[in-house]
Amino acid sequence: MKPLILRDLKLAFRSGGGFALTLAFFLIVVMFVPFGVGANLDLLARIAPGILWIGALLSCLLSLDRIFQLDWEDGTLEALATSPIPLSGIAIAKATAHWITTGLPITLAAIPLGYLLNLPQQSYLWLFASLALGTPALSFIGAFGAAITVGIKRGGLLLSLLVLPLYIPTLMLGAQVASTGTQNPIQLLALVASISLLCIATIPFACAIALRANLR
Amino acid sequence: MLMNVSNLNCLRADKLILSDVALSVVAGDCVILRGPNGAGKTTLLRYLAGLAGDYTPENTAFSGHLDGIKSTLTVRENLSFWAGIYGFGNIDPILEQLSLTPLQSRAAGDLSAGQKRRLGLARMLLTDADVWLMDEPTVSLDAATSDVIIDAIKTHCAAGGAAIISTHIDMDIPNARILNITDFAAKQSDHSDPFLMGDF
């Protein structure tokens, strides 16, 4: 699986790889909010965790169709499916590479962007923790949607419709962790982490079934 | 025996096109699949590779119409990736064998169609698979490069491997066995519409 992760990282950072697009989209979404909402610092502080989480979710969504589609189109997926690596292993590698190129940079970028949104001092750590533990779920759920829609040309709309409802629990819990006035962020953070762990443990097998059906 | 298949039924788009395919392959065998376009050569190879149907192959490598190469990676990077997947060591002899050494630092997207095909087929040499399943390996190759591929297939078979190849050209492989897949063509009555028959 390691060569596959390394190759996906290499591809993401090459021209047209989509790494910069994801991060730029996240920056744009978050930076435009203060312009739209106005310089109301209290309001910004209140909505900051939600905005950062929505930004993370949408940026993640933007790059989902690349997870399997490009490999499908050039025959790599077919060749990988006949290689010694099981399809579930391929799904783990692909989702992991997706997280490293989207979830991880978004988590890191959220800290300076929080400053832009007047995120309260005590929320930074919680925001960082909730994104770090929650974005793996976004990548793995997204990989499942991507595996289902891999054979469909321009299946982006269908992919979004499939994936967005599944993102809602992570979004609600994740944004709540970092909100001011949350009494029990540790418990909520544990729930976010549990969603990610559940996704990592189960979704690769679902991906394998979906990929197998689509390769037929 | 490297591969033994019997009673294999192949469907394409839910339509039965080959029925009761029986095929056994021993070490050193080279089977050439023949049949007109649409007869089901590609479908049969995909079944034998385990990409379709329930047949689970053992130790086979498949090369389809597409080469599975990334245009933004160099030739060497592309091949190193597959070497990593198959746990293969030094790729230099493979690059040399397929005359890809002078191209190794070029982006795969800048290669000609024939060079891409060569790079795609280089993947087969990295696998330690016994049975090579190849779908039209010599498409878009000139005579000299075709010979390189055919030589690689001969070497593989001579070393105790086997190959099942669909092709329209005459491959000069001694002891190659021709399998005419129209022999297995499903009769159209095998595929009656259940709605029209009232049997659903």
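The values are calculated or read from the model by the stated rules, or taken from the named source; none is laboratory data. These numbers were taken from a predicted model, which means no experiment stands behind them. Because the Cβ atoms are built from the backbone with ideal geometry, glycine has one as well, and the counts that use them run over all protein chains shown. Ligands, DNA and RNA are excluded from the accessible area calculation, which covers all protein heavy atoms including side chains. Shrake-Rupley method; radii C 1.70, N 1.55, O 1.52, S 1.80 Å.
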B:Asp128 passes all but one of the listed conditions (1) at pLDDT 90 or above; (2) within 14 Å of another protein chain (Cβ to nearest Cβ); (3) open to solvent by 20 Å² or more (accessible area, probe 1.4 Å); the exception is number (1)
Given the options B:Asp29, B:Asp20, name the one that is open to solvent by 50 Å² or more (accessible area, probe 1.4 Å), in contact (Cβ under 8 Å) with a residue 40 or more places away in the chain and away from chain A (no Cβ under 14 Å). B:Asp20
For the stretch A:7-30: of the residues being open to solvent by less than 70 Å² (accessible area, probe 1.4 Å) and charged (D, E, K, R), which is nearest to the other protein chains (Cβ to nearest Cβ)? A:Arg7
Would you confirm whether any residue within the stretch B:124-144 is part of a helix (DSSP H, G or I), out of contact with any helix residue (DSSP H, G or I) (no Cβ under 6 Å at 6 or more places or on another chain) and more than 12 Å from B:Ala61 (Cβ to Cβ)? yes
Quick one: would you say A:Ala210 is of a type in the set (A, V, I, L, M), more than 20 Å from A:Trp72 (Cα to Cα) and crowded, with 17+ Cβ neighbours inside 10 Å? no
Given (1) touching a helix residue (DSSP H, G or I) at 6+ places or on another chain (Cβ under 9 Å); (2) outside the structural domain of B:Ile173 (by TED's automatic domain parsing), where does B:Glu96 come up short, assuming only one miss? (1)
Cβ-Cβ below 8 Å, separation at least six or inter-chain, first residue in the stretch A:42-68 and over 27 Å from A:Thr96 (Cβ atoms), second among the β-branched types (Val, Ile, Thr) and in a loop (DSSP other than H, G, I, E, B): which pairs? A:Ala45/A:Thr180; A:Arg46/A:Thr180
For the stretch B:69-86, which residues satisfy the criterion of being within 11 Å of another protein chain (Cβ to nearest Cβ) and either under 15 Å from A:Ala79 (Cα atoms) or modelled with pLDDT under 85 (or both)? B:Ile69, B:Lys70, B:Asn78, B:Ser80, B:Phe81, B:Trp82, B:Ala83, B:Gly84, B:Ile85, B:Tyr86
Scanning for something within 14 Å of another protein chain (Cβ to nearest Cβ) and open to solvent by 40 Å² or more (accessible area, probe 1.4 Å), does the stretch A:31-45 turn up at least one residue? no
Out of all the residues in the stretch A:77-133, which are within 14 Å of another protein chain (Cβ to nearest Cβ), under 30 Å from A:Ile51 (Cβ atoms) and not charged (D, E, K, R)? A:Ala97
By residue number, the members of the stretch A:1-39 that are of a type in the set (Val, Ile, Thr) and closer than 22 Å to A:Thr107 by Cα are A:Ile5, A:Thr22, A:Ile28, A:Val29, A:Val30, A:Val33
Members of the stretch B:46-95 found to be among the small types (Gly, Ala, Ser), over 19 Å from A:Leu9 (Cα atoms) and open to solvent by less than 40 Å² (accessible area, probe 1.4 Å), listed by number: B:Ala49, B:Gly50, B:Ala52, B:Gly53, B:Ala61, B:Ser63, B:Gly64
Residue list for the stretch B:42-68, restricted to those being facing chain A (nearest Cβ under 7 Å) and in contact with a helix residue (DSSP H, G or I) (Cβ under 6 Å, 6 or more places away or on another chain): B:Leu51, B:Ala52, B:Ala61, B:Gly64, B:Asp67, B:Gly68
Filtering the stretch A:48-76 down to residues that are hydroxyl-bearing (Ser, Thr, Tyr) and more than 8 Å from chain B (Cβ to nearest Cβ) yields A:Ser59, A:Ser63
Looking at (1) part of a loop (DSSP other than H, G, I, E, B); (2) within 13 Å of another protein chain (Cβ to nearest Cβ), which one does B:Ala39 not meet, given that it meets all the others? (2)
